[in-house]
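Below is one structure, written out as structure tokens; comments come after it.
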């Protein structure tokens, strides 16, 4: 993983996760890391980023099944550690 990116703040929304995937898939801030790119595109897709679905598919086409599995496990672990806040609906009494 790119230590510069990892040392920074954790992305909080789908767009930030998508941008992290772009950084890893292009090697913008270091070496290309397809496992990390897939992981971040997967997280962005799970949080509603439409373009992340397509880019995750494109990245996966360049990976082995073992690499995809590793990326999926890392995404699942990250999502467990960073759940979205629960939405609480407040209703007025009638």
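The values are calculated or read from the model by the stated rules, or taken from the named source; none is laboratory data. As the structure is a prediction and not an experimental result, all values here were calculated from the model. So basically every Cβ, Gly included, is an ideal-geometry build from the backbone, and we count neighbours across all protein chains shown.
Below, the figures for the structure above:
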item: Condition check for residue 6: surrounded by fewer than 18 Cβ atoms within 10 Å (Cβ to Cβ), in a helix (DSSP H, G or I) and at pLDDT 95 or above; result: no
item: Test for residue 30: is it touching a helix residue (DSSP H, G or I) at 6+ places or on another chain (Cβ under 9 Å), surrounded by fewer than 18 Cβ atoms within 10 Å (Cβ to Cβ) and at pLDDT below 95; result: yes
item: Residue 62 over 10 Å from the mean Cα position of the chain (by Cα) and not in a helix (DSSP H, G or I); result: yes
item: Residue within region 50-71 that is surrounded by 12 or more Cβ atoms within 10 Å (Cβ to Cβ), touching a helix residue (DSSP H, G or I) at 6+ places or on another chain (Cβ under 9 Å), closer than 10 Å to residue 35 by Cα and free of Cβ contacts under 8 Å to residues at least 24 places away in the same chain present; result: yes
item: Residue in region 77-93 that is touching a residue at least 60 places away in the same chain (Cβ under 8 Å), loosely packed, with under 15 Cβ neighbours inside 10 Å and within 17 Å of residue 19 (Cβ to Cβ) present; result: yes
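Residue by residue, here is whether (1) surrounded by 11 or more Cβ atoms within 10 Å (Cβ to Cβ); (2) part of a helix (DSSP H, G or I); (3) at pLDDT below 95; (4) out of contact with any helix residue (DSSP H, G or I) (no Cβ under 6 Å at 6 or more places or on another chain) holds:
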{"residue": "1", "(1), (2), (3), (4)": "yes, no, yes, no"}
{"residue": "10", "(1), (2), (3), (4)": "yes, no, yes, yes"}
{"residue": "22", "(1), (2), (3), (4)": "yes, yes, no, yes"}
{"residue": "35", "(1), (2), (3), (4)": "yes, yes, no, no"}
